[in-house]
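The values are calculated or read from the model by the stated rules, or taken from the named source; none is laboratory data. All values derive from a computational prediction rather than experimental measurement. Glycine gets a Cβ as well: all are built from the backbone with ideal geometry, and neighbour counts include every protein chain shown. Heads up: the accessible areas ignore ligands, DNA and RNA and are worked out on the full protein's heavy atoms, side chains in. Shrake-Rupley method; radii C 1.70, N 1.55, O 1.52, S 1.80 Å.
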Amino acid sequence: MNGSRTDRHQPQVPAPAAPSTAAAAPRTGRAALGPVGLVLAGCVSVQFGGALAVTLMPRAGAVGVVTLRLVVAALVLLVVCRPRLRGHSRADWGTVVAFGVAMGGMNLLFYQAAARIPLGLAVTFEVLGPLTLSVLASRRLVNLVWAGLALCGVFLLGGAGDGLGGLDPVGVAFAVAAGACWALYIVFSARTGRRFPQADGLALAMAVAAILCLPLGIAASGTRLLDPVTVGLGSAVAVLSSVMPYTLELIALRRLPASTFAVMMSLEPAIAALAGFLILSQALSWLEALAIALVIAASMGAVRTQVGGAKAAPPLRD
């Protein structure tokens, strides 16, 4: 999404796996600052890439921006990863295609939301998808507390019961639907990771998402996608929202506990709000800021509850 952390950008439901020695060992002081800084840099890159994408929408439209982002990101990942195409079963391909469909749907829906409501609020509504998945997967009573916090945040974003507090209801619906795709993205990301080595599955899924979105982008934006300035800005969005955060997170996860990584991902709504304010001049009211804080607290709580029982590396966003 995130920008949609294709994306993933989030509280995640990781597949059980043994953490690496580096990730399992506790890190304190300056030793932890390096990987923490990398994760934060990745989050900043994703959300400021999303803000840049919003500025590009008048030139190419929301669907056109998504198409440029996915196509460029897919080309980069395919060149870098060079995934093997032979030797995979029908089930393997079915999983990676489902992953790509979830990825494409998440990005298309999120950018439609970002075109209609402030970026920080779009990410906040989107986070409800992974948060719901995390709460349901844990099945612990304490998660009712986190669900209650998230509902309070949504209630505040809804203008304390007065409609949607001036927000475009279509934009909110797109953001919530993007969150549902994000939850599916997490599920199929984990399954793809178990079937494909390294980042091969991610590269192939990105290609699937790009292929699915390309006809829509051409139909919606036409020759505007060929404008050199638009292509350049779209490439920048792809690098900021997909290539750079993926690289930074991959490096960070070699030295950072998965639980710490997942909690830090919960900060994305706040970072998105900051990006929206600095780049798009989208100021938030104190009530909206409080609502975002409640959803972040709920996400962190749900993640901590989820990883308390089993440590594992969460799937990366694209």
Give, as a single signed number, the net charge of other residues whose beta carbon lies under 13 Å from the beta carbon of G120, with Lys and Arg counted +1 and Asp and Glu -1.
-3
So how much accessible area does S281 have, in Å² to the nearest 10, using a 1.4 Å probe?
100
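Given the peptides 209-222, 107-120, arrange them by the average over their residues of other C-beta atoms within 10 Å, most packed first. Each step should come with its number before you reach the end.
Working: 209-222: 18.6, 107-120: 26.7.
For the peptides 209-222, 107-120, the packing ranking is 107-120, 209-222.
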Protein chains only, probe 1.4 Å: how do W146, W93, W286 rank by accessible area, largest first?
W286, W93, W146
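Students sometimes get this wrong: rank D200, D227 by accessible area, probe 1.4 Å, all chains present, largest first. Walk me through the numbers before you get to the answer.
Numbers: D200 20, D227 55 Å².
Largest to smallest exposure gives the sequence D227, D200.
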